[in-house]
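Please treat every number below as a calculation from the coordinates, not as lab data. Keep in mind the model is a prediction, meaning the values are calculated, not measured. As a convention, Cβ positions derive from the backbone with ideal geometry for all residues, glycine included, and neighbour counts pool all protein chains shown.
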Amino acid sequence: MENITQLLFILFLIYASAKLLGELFERFKQSAVIGEILAGVILGPQVLNLIGTSEIFPVLAEIGVIILLFTVGLQTRTEEIMRVGSTSLLVAVLGVIFPFVFGYLYTLIIHHPTVEAMFIGAAMVATSVGITARVFADLGIVETKVARVILGAAVIDDVIGLLVLAIVTGLGKGTLSFVKIGLITLEAVGFIIFLIIIGRRVVHRMVPRVASFRTKDAVLSAAIILCLFLSAVSSYIDLAAIIGAFLAGMILSGLNLEYNLSIKTESLYNFLVPFFFVILGSWIDLSIFSQPTLLWAALVITIFAIIGKLLGCGLGALNLGKKEALMVGFGMVPRGEVGMIIASIGLSMKAITSDLYTVIIFMVMATTFITPPILRKLVKKVRSET
């Protein structure tokens, strides 16, 4: 009973602190996301140490970000993503090449082995679209062309990131298999195409039948079931679970207005999503600030991570206009759980040192922390000029 009581009290602290600090930052015309991440830093092991190592916290964070991307998907029609498909593809490809090359070359320059350089480059590739999606959702611009380009690019980015991870892991083990890489590609691309072409048609035929069920809010229940199922399948084939959640929302987007799905999921969103950002903040390691050499390397890697996405993704989105391209570039800057996963794989394989692991974690958190206020200002500036 004590454990349950303690857990409930911690959940109370997480949610209350997220809302209080989020409100504080909103009053200073900043993104509530920053307040929520800062709440995590305060409650995490670096300060108050109230968010421990229990497995429930990463799971809660994952559920939060799944709901976030699902609700974003509900506001993103498949046709709209397809219209910006070529731009999203270019944004994703260039947004992978530039950061990878920067990270790889810098790590070689500071005299680390090739395998370590590959892991650093790979960790700089993946975008965590959850941060950008939250900012866009708060500002009510999820349905804009810039948002659609970023969301489309994020899906492609995740597939490419998966392939990069497969190659780097294979090199680290000395067992690189092109057959395995080919299978991963077919699996991931096939999953996405199947859902967009066939899955959407099946769902649109089934939902009217589900609506006749006697269960209260049967369509909403079916939508959540679909979200969790596709998240699980996505995770099973080594894509990020949030890709499955986003695709679930997207194939239901055509039915969103008819069944008020966005409105009905608002309470779920408001309750679960803050947990993701608070727990993300609790993973920030402040000890790096006490090691000047390591801090310098982490700052340089972070700068390259930002410039890499700004250059790569910005160039890919130039056809939208310079200001919009800058928004796309910054929207693709945040790294997240994928970068952490790559770092942890490298550390467990002894392909990277604990110092480089810390550098990657710093880069992930720094890009996560700085993006919301900059993106918010860019959006408001573009709005004021139109």
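Key figures
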{"quantity": "P(r), alpha carbons of region 86-226 - 10 Å bins starting at zero, rounded %", "calculated": "11, 26, 31, 20, 9, 3, 0"}
{"quantity": "Fraction of the pair-distance distribution of region 171-252 above 19 Å, Cα-Cα pairs, percent", "calculated": "47 percent"}
{"quantity": "Cα-based equivalent ellipsoid, region 40-163: semi-axes from gyration tensor eigenvalues, Å", "calculated": "28, 26, 11"}
{"quantity": "Computed [θ] at 222 nm, deg cm²/dmol, the chain (DSSP H ≥ 4; -39,500 (n - 2.57); rounded to nearest 500)", "calculated": "-26000 deg cm²/dmol"}
{"quantity": "Among THR265, THR71, THR144: highest mean-square fluctuation, GNM of the chain, C-alpha pairs under 10 Å", "calculated": "THR144"}
{"quantity": "Kyte-Doolittle mean at least -0.5 and Cα axial length at least 18 Å: DSSP H helices in the chain", "calculated": "2-27, 56-74, 85-109, 145-173, 178-194, 218-236, 266-282, 292-316, 354-385"}
{"quantity": "For region 307-386, the spread of Cα positions along each principal axis, largest first, Å", "calculated": "52, 23, 16"}
{"quantity": "Quotient of C-alpha Rg and 2.2 N^0.38 Å, computed over region 280-327", "calculated": "1.60"}
{"quantity": "Shape call, region 12-52: gyration tensor on alpha carbons, a/c limit 1.5", "calculated": "prolate"}
{"quantity": "Cα-based shape type of the chain, given that a ≥ b ≥ c are square roots of the gyration tensor eigenvalues and the cut on a/c is 1.5", "calculated": "rounded"}
{"quantity": "GluC sites (Glu not before Pro) restricted to DSSP loop in region 1-73 with at most 14 other C-beta within 10 Å", "calculated": "GLU55"}
{"quantity": "Overall Cα dimensions of region 231-386 - principal axes, largest extent first, Å", "calculated": "56, 41, 27"}
{"quantity": "Contact order relative to length of the chain, as percent, for alpha carbon pairs under 8 angstrom and 6 or more apart", "calculated": "30 percent"}
{"quantity": "Pairs from LYS180/LYS350; LYS19/LYS309; LYS19/LYS377 whose Cα-Cα separation, in the structure shown, is over 25 Å", "calculated": "LYS19/LYS309"}
